[in-house]
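The values are calculated or read from the model by the stated rules, or taken from the named source; none is laboratory data. Quick caveat: nothing in here was measured; it's all calculated off a predicted structure. Cβ placement follows ideal geometry from the backbone for every residue including glycine, while neighbour counts extend to all protein chains displayed. Only protein heavy atoms, including side chains, enter the accessible area calculation; ligands, DNA and RNA are left aside. Shrake-Rupley method; radii C 1.70, N 1.55, O 1.52, S 1.80 Å.
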Amino acid sequence: MKFFVDTADVKDIRELNDLGLLDGVTTNPSLILKSGRDIREVTKEICDIVDGPVSAEVTATEYAEMMREADVLSKIADNICIKLPLTLDGLKACKALTGDGRQTNVTLCFSANQALLAAKAGATFISPFIGRLDDMGFDGVELIAEIRHIYDNYGFETEILAASIRTPDHVKRVALIGADVATVPPATLKALVKHPLTDKGLEQFLADWAKTGQKIG
């Protein structure tokens, strides 16, 4: 499973990329607002750091304007992936952009039917929001399982990009189900390495090593 980081914070992106953990980045208007920077400037910097897809989202709601914004965003860097809302106009733009050889990420997916439409439109990625479904009392991870089943039934090449991930357990569950990608906030991605027994074991090893009085090298 690929790891994308869900942020527009260049410092976090650089740190995680240096660890060798990143396959891509997802951004959205809310994350751009949080960064406090111009969308073209910060997106270009992110694209220079990460080799994989960097999702940059259109803010238009009508097809013609979506296509105009997509053209502007695509010119930022070769690894830009155009992020589109799961609406009829968004699907129309997705079909046109993928037909033109550009990567697309259809976002704000909350049902298997929506994911089926995105795949039919040729989306590179579909982004089901599991955390937001959990907030509404549904099992967001179950949606990932439904989409996986449908895509496997028909051989769709659209990659399932599990989004709105809140916890390490979300990451484990979507990996078990077969999500192609998980886009994760920086803090959650770093938390995957944590386990109390790892910390305890390392503490014991270091204490025992100190008692030997030895040095390596």
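Points worth noting:
- Restricting the range 86-119 to residues that are free of Cβ contacts under 8 Å to residues at least 12 places away in the same chain and not hydrophobic (A, V, I, L, M, F, W, C), the residue that is surrounded by the fewest Cβ atoms within 10 Å (Cβ to Cβ): GLY101
- Flag if CYS94 is in contact with a Ser or Thr (Cβ under 6 Å, 6 or more places away or on another chain) and more than 16 Å from LEU31 (Cβ to Cβ): yes
- Residue that is most open to solvent (accessible area, probe 1.4 Å) [pool: residues in the range 121-145 that are assigned to a helix (DSSP H, G or I), of a type in the set (Gly, Ala, Ser) and out of contact with any Pro (no Cβ under 9 Å at 6 or more places or on another chain)]: ALA145
- Candidates ASP18, ASP9, ASP48, ASP38 - the one that is touching a residue at least 60 places away in the same chain (Cβ under 8 Å), out of contact with any strand residue (DSSP E or B) (no Cβ under 6 Å at 6 or more places or on another chain) and more than 22 Å from GLU159 (Cα to Cα): ASP9
- Near pairs, Cβ below 8 angstrom, 6+ apart or cross-chain, from the range 174-192 (touching a residue at least 12 places away in the same chain (Cβ under 8 Å) and under 18 Å from PRO53 (Cβ atoms)) to any residue that is in a helix (DSSP H, G or I) and among the acidic types (Asp, Glu): PRO186/ASP12; PRO186/GLU15
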